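**Q** Handing you this structure, nothing more for now.
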Amino acid sequence: MRLRLTTTFPAPADHVWALVKKSSTLLFVSRGLLSFIGAEHFPQQWREGDTESARLLFFGCIPAWQHSLTFERIDDDTRILSTSEGGGLIPVWDHVIRATPDGNQACTYLDEVEIKAGALTFVVWLYAQIFYRYRQLRWRILLRKVPQDAISN
């Protein structure tokens, strides 16, 4: 099953893109619903071709499986990041993020996820609907907290 959510952020695409590439952004936008045990080993900035793994922790207290993220594409020209992810009950969780300029001071942000989890696919897809809507709300908080001139690539 595929999930596709877009939103418009009141920030330039370059600013959002710089944040997309930081591991601290993933940790911030996921916090509350999902955290990563072992995230202290993540690089400061994601690198194309790298694979990272961490144990998932749901809602800050429910331990789950080891999850791996392989960064298949990080394209600065098109502002597209794609990962091949999976682990435990979810063998396929392939994620694409895109930040597209929408005027000078705004951008369209896309989360697109392909989910394959056997008989649990629909249930996992429902969770993903909640999770990515939550993440996009957390993105708005992050964009208010991080001034555009505070980001170094």
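**Q** Whenever you get a sec, compute what percent of the accessible area on the chain sits on carbon and sulfur atoms (1.4 Å probe). Before the final figure, lay out each step's value.
**A** On the way: 4200 of 7810 Å².
Roughly 54 percent of what the probe reaches on the chain is carbon or sulfur.
**Q** Let me cross-check Leu56: its accessible surface, 1.4 Å probe, with only protein heavy atoms counted, in Å² to the nearest 10?
**A** Accessible surface of Leu56 is approximately 10 Å².
**Q** Got a sec to turn the phi values of the stretch 69-78 into Karplus ³J(HN,Hα) couplings, 6.51 cos²θ - 1.76 cosθ + 1.60 with θ = phi - 60°, whole Hz, x for Gly and Pro?
**A** 10, 10, 7, 6, 8, 9, 10, 5, 6, 9
**Q** Turning to a different aspect of this structure: Compute the helix-to-body angle for 121-145: its Cα long axis versus the longest principal axis of the chain, expressed 0 to 90° and rounded to tens.
**A** 30
**Q** Of the listed values (1) 23, 19, 18; (2) 27, 16, 14; (3) 24, 17, 15, grab the one calculated as semi-axes √(5λ) of the Cα gyration tensor in Å from the structure here.
**A** (3)
The values are calculated or read from the model by the stated rules, or taken from the named source; none is laboratory data. Not measured: the values here are computed from a predicted model. Side chains are part of the model used for accessible areas, which takes the heavy atoms of the whole protein and leaves out ligands, DNA and RNA. Shrake-Rupley method; radii C 1.70, N 1.55, O 1.52, S 1.80 Å.
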